Amino acid sequence: MAVITDSFRDILDSQEDVTDEFRRITIPVYDDNLSEPRKNDPSDTGYVDAAQVALQIFTQGDQSIENDFNLSALWIFWGQFLDHDIDLTPVQNGPEAELLKDDDSFFDLDVMRSVFVIGESGVAEQQNIVTPFIDASNVYGSTETLQDALRTFEGGLLKTSTLADGSSFLPTSDQVFNDGVTGTYVAGDVRVQENTGLTAIQATFVNEHNYWAGRIAAADPSLTDEEIFQQARAVVEALIQKISYEEFLDLSRNSSGHLSHSGRPSFKSQRAFPVEG
Ligand code: HEM
């Protein structure tokens, strides 16, 4: 993995244990004790069918169920945005799986498996191909090559496109990769277009970077493009860390019912995606 090489990420490079393999918090369980996925074996009493778990948790019939804290969908998509800052597991074709349908019948589906290596542990270990820090790599990329492609190299700015209503948005693929593709948008993370909530947050932060670049440049006209870029990036990184730790994780930690959160507004009062009724 090519990692951005400023001083912070040099430290990352020097620590072999944080570059690739995920750290385990439970013991691995494979069918062959090496890498084969665990299968639904009736004699295995410890096996819990993932489809059954999903059906029990997510089935809500025709009801619309708001969460207990009256949070907007922005809370969900911040989780996804944050995830895309810290991990991306490459995938490969996996075995065919039998999936349970609503009516308790099954259908076969080709599933993907994570790419794995046999690590020092002696069993299959999954890998991370983005920087594992909350460092806004989803805005700037996890490689120097992508970061450079996203920059204008003028005034510390990131590339943007302009929507029909004149507003500033994420750059198109053509702007970043010069590939003639104008209908898709690019950010520091490849999953930027997974859904509109996520894309909206990604667009907010490319604009946030350029907002700060403008302010920083105006405050000191002697600064170079590189200096403005790095200072604006530092602000954006800090913002994402602050929102993640002080608002998002605070609410996530307390979702068991005890809300220690005292009046920080963003996720509660601003409904980015209002729920009807
Ligand atoms: C419409 C919404 C979403 C879509 C379409 C979506 C789609 C996906 C897909 C296709 C994958 C890859 C799964 C695989 O490898 O088979 C994935 C992984 C993942 N998703 Fe989502 N997702 C959504 C929302 C979210 C949200 C809201 C969160 C967190 C709050 C989230 C967290 C994750 C995480 C942590 C992974 C694993 C990332 C990795 O290391 O590769 N996703 N998602």
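Take the residues in the range 123-147 that are away from the ligand (no atom under 12 Å from the Cβ) and aliphatic (A, V, I, L, M); name whichever of them is surrounded by the most Cβ atoms within 10 Å (Cβ to Cβ).
It comes out as 139.
What are the residues in the range 78-91 that are near the ligand (Cβ under 6 Å from one of its atoms) and not acidic (Asp, Glu), if any?
79, 80, 88, 89, 91
Got at least one residue in the range 112-122 being among the polar types (S, T, N, Q), away from the ligand (no atom under 16 Å from the Cβ) and at negative phi?
Within the range 112-122 (the criterion being among the polar types (S, T, N, Q), away from the ligand (no atom under 16 Å from the Cβ) and at negative phi), the answer is yes, since at least one residue qualifies.
List the number of the failed condition for residue 235; all other conditions in (1) exposed (fewer than 14 other Cβ atoms within 10 Å of the Cβ); (2) modelled with pLDDT of 95 or more hold.
It is condition (1) that residue 235 fails.
Can you find even one residue in the range 148-166 that is within 16 Å of the ligand (Cβ to nearest atom), crowded, with 19+ Cβ neighbours inside 10 Å and among the small types (Gly, Ala, Ser)?
The answer is no, given that none of the residues of the range 148-166 is within 16 Å of the ligand (Cβ to nearest atom), crowded, with 19+ Cβ neighbours inside 10 Å and among the small types (Gly, Ala, Ser).
The values are calculated or read from the model by the stated rules, or taken from the named source; none is laboratory data. All values derive from a computational prediction rather than experimental measurement. Note that each Cβ is placed from the backbone with ideal geometry, even for glycine, and that neighbours are counted across all protein chains shown.
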